[in-house]
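**Student:** Quick one: the structure is below, questions incoming.
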Amino acid sequence: MKLHFLLLTIALLVAASVSAQFTWSNLAGAPNNGAKQDGIFFLNKDTGWAVNGSGRIFKTLNGGSSWIQQRNSPGTYFRAVAFINAQIGFAGNVGPDYFPNVTDPNPLYRSVDGGNSWVDVTASISGPVPVGICGIQAVNDSVVYAAGRVGGPPILIKSSNAGETWQGSDLSDYCQMILDVWFVSPDTGFVFAGTNLNVAASSARILRTTDGGNSWEPVYTSARNSEIMWKAWFPSRKIGYASIQSYSSTSTQRYIAKTSNGGESWTELPLVNSGIREFGIGFINDSVGWVGGENTGYQTLNGGQTWTSKNIGQYANKFSIVKNNDGSQTAWAIGLRIFKMSTSTPTAIATFSGEKPAQALVYPNPAAAGSYITFSLEKLPGKMVKAELISSDGKFKSDLFSGFYPGTRESPFLFPLPVIAAGKYHVRFTDEKGKQHQQELIITR
């Protein structure tokens, strides 16, 4: 009982410390049009684009401190944006006959000069042409997917030559509208959809392909009506999340969907029981992420098991997250306004990111001084009673824990690193029989 109480106390203290790092701020000079804005994309911590339903495209070269308007097209509803590199990018228009005052029939535009000019790509699409686009994914320098739309029809288009030509596919055998698209590789990916054009009769659905969109299979369908999938995020190859947008008037419980096996199957996790409408979703690693809502956002530090309110602005519809050269990350969320968050210490949040090496006891490695490391002790026999951090010259030594063990069931377990000099260290574990196990750890500043 004492062990579990101590473990819980440390976990809560660490969670509070981790949460304090994630402070979002409103970018006062960022674009806004008095309504929900839908699309944002950053190549790096400085260069990014934002689009909105007023037909405007904006670019920033300083992380969002100031913006340049690159396009103003009344009658166009720009809903999604993505760039392959600093020059080649795409902006999706939701299309006519769904939202009022949208008259532009061209679903997708391409730029080859960093967004200074845009050209309609409709003539380069073979096969079914989407009425509108709600999601775009630039998988690599050549392969790009775009799909839509809310209200149907459900059309996916793919380019294998950086957007010069496209091939369309009609997915109406599987769904009736597509709200987002996410590919983890050029061939393996997902569309996030609704099963019926009438939202009151729709269930949320996720489709998966492993052959570049030639064939599809449903891997998740909600058991409730009045639902559609909205946005998705994969922080790593195996872990993925998606927001389920509900229009139910009979239930106030809201959910997200999560996969832990690369999208082969999905489970539902409760978000909040408040009747809110979910919008975008974004994760900086497998455990830490956010969901946008009508009046506020929601944050999780434990992979969606629990959520707390977090001010990321109203209607946060899309996230963009980049990893910086020093290991830190920067995130933006676009909705009524644009909010920004930067991690306070390099690699602090990388503790949770990606998949650990098969035999690692401690990860990430390297790790930043003052950040957090994870112990994963499943492969060690016995009960660990001590963990020490020791410099390679033996002049520095610090107990990370003593007198208890993070057992197999509690592993992986999160611990803070002290703020110490960069260099080569060892993390040494001692079990209840005095046997020691250790791993080299590189600490950076």
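**Student:** Determine by what factor the alpha-carbon radius of gyration of segment 281-337 differs from 2.2 N^0.38 Å, reporting the quotient. Can you show the working numbers first?
**Tutor:** On the way: Rg = 11.3 Å, N = 57, 2.2 N^0.38 = 10.2 Å.
Relative to the 2.2 N^0.38 Å estimate, segment 281-337 comes out at 1.11.
**Student:** From the cross-link list 386/435; 45/340; 36/310; 158/238; 386/433, which pairs have alpha carbons spaced over 20 Å apart?
**Tutor:** Working: 386/435 11 Å; 45/340 11 Å; 36/310 18 Å; 158/238 23 Å; 386/433 11 Å.
Table pairs above 20 Å Cα-Cα are 158/238.
**Student:** Provide, in order from the shortest bin, the percent of all Cα-Cα pairs of segment 113-248 in each 10 Å bin, continuing until the bin that contains the maximum pair distance.
**Tutor:** In whole percents, the pair-distance histogram is 13, 45, 31, 10, 1.
**Student:** Let me spell out the model: positive unit charges on the Cβ of Lys and Arg, negative unit charges on the Cβ of Asp and Glu, origin at the Cα centre of the chain. What dipole size does that give, in debye rounded to 20?
**Tutor:** Details: 36 positive and 30 negative charges, 234 e Å.
Computed about the Cα centre, the dipole is about 1120 debye.
**Student:** Compute the separation of the alpha-carbon centres of segment 146-180 and segment 247-271 and state it in Å as a whole number.
**Tutor:** So the separation of the two Cα centres works out to 23 Å.
**Student:** Given Cα pairs under 8 Å that are at least 6 residues apart, what percent is the relative contact order of segment 23-145? Write down the numbers at each step before the final one.
**Tutor:** Numbers: 291 pairs, mean separation 22.8, N = 123.
Once divided by the residue count of segment 23-145, the mean separation gives 19 percent.
**Student:** Now, a different point. What angle, in degrees between 0 and 90 and rounded to the nearest 10, separates the Cα long axis of helix 2-21 from the longest principal axis of the Cα atoms of the chain?
**Tutor:** Result, in degrees: 50.
**Student:** Taking the Cβ of each residue in 98, 247, 77 as the centre, tally the other Cβ atoms inside 10 Å and list the residues starting with the fewest.
**Tutor:** Working: 98 16, 247 12, 77 24.
If I rank by nearby Cβ atoms, fewest first, I get 247, 98, 77.
**Student:** In addition: Mind checking which of 52, 303, 336 is farthest towards the positive end of the chain's charge dipole, using Cβ charges of +1 (Lys, Arg) and -1 (Asp, Glu) about the Cα centre?
**Tutor:** 303
**Student:** Can you tell me, using C-alpha contacts under 8 Å and at least 6 residues apart, the relative contact order of the chain as a whole percent? If you can, show how the numbers build up before the last one.
**Tutor:** Details: 1288 pairs, mean separation 44.2, N = 445.
Relative contact order here is 10 percent.
**Student:** If you don't mind, another one. Output the relative contact order of segment 62-217, whole-number percent, from Cα pairs under 8 angstrom with separation of 6+ residues.
**Tutor:** Working: 417 pairs, mean separation 23.3, N = 156.
That works out to 15 percent.
**Student:** How high is the FRET efficiency from residue 167 to residue 215, r the C-beta distance, R0 22 Å, rounded to 0.05? Don't jump to the answer; show the numbers that get you there.
**Tutor:** Details: r = 14 Å, r/R0 = 0.65.
The pair residue 167/residue 215 has a calculated efficiency of 0.95.
**Student:** If each residue of separation counts as 0.36 nm, what is the full-extension length gain between residue 160 and residue 294 once their alpha-carbon separation is subtracted? Kindly include the intermediate steps, with their values, before the conclusion.
**Tutor:** Numbers: separation 134, 0.36 × 134 = 48.24 nm, distance 3.69 nm.
Net length gain for the segment: 44.5 nm.
**Student:** Which order do 298, 174, 372 fall in if you start with the one that has the fewest other Cβ atoms within 10 Å? Mind showing how you got there, number by number?
**Tutor:** Numbers: 298 25, 174 16, 372 22.
Fewest-to-most ranking of 298, 174, 372: 174, 372, 298.
**Student:** Take residue 439 and residue 98, extend 7 Å from each Cα along the Cα→Cβ direction, and tell me the distance between the two endpoints in nm.
**Tutor:** 4.5 nm
**Student:** Now a separate question. What's the FRET efficiency of residue 122 with residue 142 using the Cβ-Cβ distance as r and R₀ = 30 Å, to the nearest 0.05? All intermediate terms of the calculation are to be shown ahead of the outcome.
**Tutor:** On the way: r = 21 Å, r/R0 = 0.69.
Once rounded, the FRET efficiency stands at 0.90.
**Student:** Straight-line reach only, C-alpha to C-alpha below 18 angstrom: list the aspartates and glutamates that residue 395 could link to, leaving out same-chain residues fewer than 8 apart.
**Tutor:** 440
**Student:** Go from 0 up to the bin containing the longest alpha carbon distance in the chain, width 20 Å each, and give me the % of pairs per bin.
**Tutor:** 25, 53, 20, 2
**Student:** So what's the projected area for segment 173-305, the Cα convex hull averaged over all directions, in nm²? Don't skip to the end; give the middle numbers.
**Tutor:** Numbers: hull surface 29.3 nm².
Mean shadow area of the hull around the Cα atoms is 7.3 nm².
**Student:** Apply 1/(1 + (r/R0)^6) to the Cβ-Cβ distance of residue 66 and residue 385, taking R0 = 41 Å, and write down the FRET efficiency to the nearest 0.05.
**Tutor:** Numbers: r = 55 Å, r/R0 = 1.34.
That pair, residue 66 with residue 385, gives E of 0.15.
**Student:** Calculate, in nm to one decimal, what residue 253 and residue 44 gain on full extension: separation in residues at 0.36 nm each, minus their alpha carbon distance.
**Tutor:** Details: separation 209, 0.36 × 209 = 75.24 nm, distance 3.63 nm.
Fully extending the segment from residue 253 to residue 44 adds 71.6 nm.
**Student:** At residue 378 and residue 305, where each label point lies 7 Å from the Cα along Cα→Cβ, what is the point-to-point distance in nanometres?
**Tutor:** 1.5 nm
Values in this text are rule-based calculations from the coordinates and carry no lab data. Small disclaimer: the values here were computed from a predicted structure and weren't measured. All Cβ positions, even for glycine, are placed from backbone atoms using ideal geometry, and neighbour counts span all protein chains on display.
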